[in-house]
Amino acid sequence: MTATSAPIRLATLAFFLSPFLCGTRLTARAYSIDPSPNNHPAAPNSSHRINNSDSPQHEPLSTRRHALSSLFSASTAAAVIPLLPTFYSSPSNALPATSTPNPTGLAAKLSARDPSLLKNRLFNLPPSPQIYPPFLRGTWDVSLQFSGFLFPSSSLSKQTLLADTSIPGFQKCSIASLADVGKESITTYRMTIDETTGLEDRKVALKGSLNGFLGYDAVREVIYDGNAGGNPNRIGIDFVPNRTRNANRIELFCNGRESELVTYESQQQSKELPQSKQQAMLLPGGKIFLNSEYIRQVTFSLSQEFGVARQVSGNYAHFWTWKGNDSDPERIEGNLLTAAYLDAQDPLFFEEPSKPVVVYAHNLIGRKVVV
């Protein structure tokens, strides 16, 4: 990206740095936040959560559907919590950018606030592995919490979709890195990105997030050789046998990746204040890194037919936004949007073949670990 003096306005940054989800509609107003490092959205009421039992037995579909209906019909279940500090609450403020989003890139796609742009990518050349920028490299303890959801489809009603339990996120482990969507408590995991290569240790991250969401040591092994010159687009996950509902093994196939880095300079809050106060209120510069990954997941588990494994396929995409702060390089903030799509074998597929039918949001906070 070439340097430019054109500003990135708050309306754009507010989307990058915060989930856009509120109940079942998009929101476009400006937000503010308490910049406390412990700030997280309030968890949904316990009566709205998905069944979270650790029993290896399959739960009745009627119970799962009832729990999902309660979760997604609650207007308080989706909290919109941005990551901008309180002094950016005015939409007239702008951050001077040292680089602007590519007009056809990931940042532009997300800033449009239109979930129909988050279309699935099924037929692509094999993508190269994700290389992370220097401000994200190192080892981080990441806390993650559910913060919202959206049913964006204009072709299928929410009631119709809730009856389709094959949609990713509607059953445990149907989204590998978010194994229990709607979980009330904060989930923590470790993210390690090599200081030299910029490659993430996918084994550590996936095992940590899966065990964290499920609340016990569920994963026996994560099989991945992408960082050693192998295939960066396939990951196998073996579970401890007969311990986890809905999954004995998961295979992940990546069909596409995108990424974009936006940087901005420091800025004073107001030129109307005395010079001494202006210096005290200098806003730190930083970087915003956006990346996406389009996944096809195949989950194998026990079935009612002896000797035949149950196999379920699902398609979804993750859209991460990470914000670094030049004044505090030991802390990062971000959010994760996950778009779930219908599988080609789903009877409803031709009603919504490429656009997401559900979008989930999670807030992220990372603290650097000295190792």
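The values are calculated or read from the model by the stated rules, or taken from the named source; none is laboratory data. Bear in mind the structure is a predicted one, so any value in this text is a computation, not a measurement. As a convention, Cβ positions derive from the backbone with ideal geometry for all residues, glycine included, and neighbour counts pool all protein chains shown. Side chains are part of the model used for accessible areas, which takes the heavy atoms of the whole protein and leaves out ligands, DNA and RNA. Shrake-Rupley method; radii C 1.70, N 1.55, O 1.52, S 1.80 Å.
Listed here are the residues, each with its yes/no results for (1) out of contact with any strand residue (DSSP E or B) (no Cβ under 8 Å at 6 or more places or on another chain); (2) part of a strand (DSSP E or B); (3) at pLDDT 95 or above.
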{"residue": "G212", "(1), (2), (3)": "no, no, yes"}
{"residue": "D217", "(1), (2), (3)": "yes, no, yes"}
{"residue": "V222", "(1), (2), (3)": "no, yes, yes"}
{"residue": "G230", "(1), (2), (3)": "yes, no, no"}
{"residue": "G236", "(1), (2), (3)": "no, yes, yes"}
{"residue": "N242", "(1), (2), (3)": "yes, no, no"}
{"residue": "N246", "(1), (2), (3)": "no, no, no"}
{"residue": "E251", "(1), (2), (3)": "no, yes, yes"}
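Which of the numbered conditions does K355 fail, given that it passes all the others? Conditions: (1) touching a residue at least 60 places away in the same chain (Cβ under 8 Å); (2) open to solvent by less than 40 Å² (accessible area, probe 1.4 Å); (3) more than 26 Å from R137 (Cα to Cα). It is condition (2) that K355 fails. Put simply, of S157, S209 the only residue that is free of Cβ contacts under 8 Å to residues at least 12 places away in the same chain and farther than 21 Å from P329 by Cβ is S157. Taken over region 201-227, residues that are within 16 Å of the chain's Cα centre (by Cα) and not polar (S, T, N, Q) amount to 7. Looking for something farther than 19 Å from T338 by Cβ and polar (S, T, N, Q) - is there at least one such residue anywhere in region 141-151? Within region 141-151, not a single residue is farther than 19 Å from T338 by Cβ and polar (S, T, N, Q).
Residue-by-condition table, conditions (1) β-branched (V, I, T); (2) farther than 26 Å from R310 by Cβ; (3) in a strand (DSSP E or B):
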site: V142; (1), (2), (3): yes, yes, yes
site: S147; (1), (2), (3): no, yes, yes
site: S155; (1), (2), (3): no, yes, no
site: S166; (1), (2), (3): no, no, no
site: K172; (1), (2), (3): no, no, no
site: E184; (1), (2), (3): no, yes, no
site: T192; (1), (2), (3): yes, yes, yes
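Scanning region 324-344 for residues that are open to solvent by less than 10 Å² (accessible area, probe 1.4 Å) and over 20 Å from P115 (Cα atoms) yields a count of 2. Quick check on E195: is it of a type outside the set (F, W, Y) and within 17 Å of the chain's Cα centre (by Cα)? Criteria not met by E195.
Would you say A361 is open to solvent by less than 10 Å² (accessible area, probe 1.4 Å), over 17 Å from R121 (Cα atoms), in contact with a Ser or Thr (Cβ under 7 Å, 6 or more places away or on another chain) and in contact (Cβ under 8 Å) with a residue 60 or more places away in the chain? Taking the combined requirement at face value, the residue satisfies it.
Can you name the residue in region 163-192 that is among the hydrophobic types (A, V, I, L, M, F, W, C) and over 22 Å from F253 (Cβ atoms) and is also most open to solvent (accessible area, probe 1.4 Å) among such residues? Selected residue: I186. Could you list, in sequence order, the residues of region 208-237 that are closer than 19 Å to Q171 by Cβ and open to solvent by less than 40 Å² (accessible area, probe 1.4 Å)? Hits for region 208-237 are S209, L210, N211, G212, F213, L214, Y216, A218, V219, I237. Keeping to region 212-249, report how many residues are under 20 Å from M191 (Cα atoms) and in contact with a Phe, Trp or Tyr (Cβ under 8 Å, 6 or more places away or on another chain). Number of matching residues: 8. Residue pairs whose Cβ atoms lie under 6 Å apart, sitting 6 or more positions apart in sequence or on different chains, and linking a residue in region 167-180 that is over 16 Å from S301 (Cα atoms) and free of Cβ contacts under 8 Å to residues at least 12 places away in the same chain to a partner that is open to solvent by 10 Å² or more (accessible area, probe 1.4 Å) and hydroxyl-bearing (S, T, Y), do not occur here.
Table: residues versus (1) of a type in the set (V, I, T); (2) within 18 Å of Y316 (Cα to Cα).
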residue: S174; (1), (2): no, yes
residue: G182; (1), (2): no, yes
residue: I186; (1), (2): yes, no
residue: M191; (1), (2): no, no
residue: E200; (1), (2): no, no
residue: L214; (1), (2): no, no
residue: A218; (1), (2): no, no
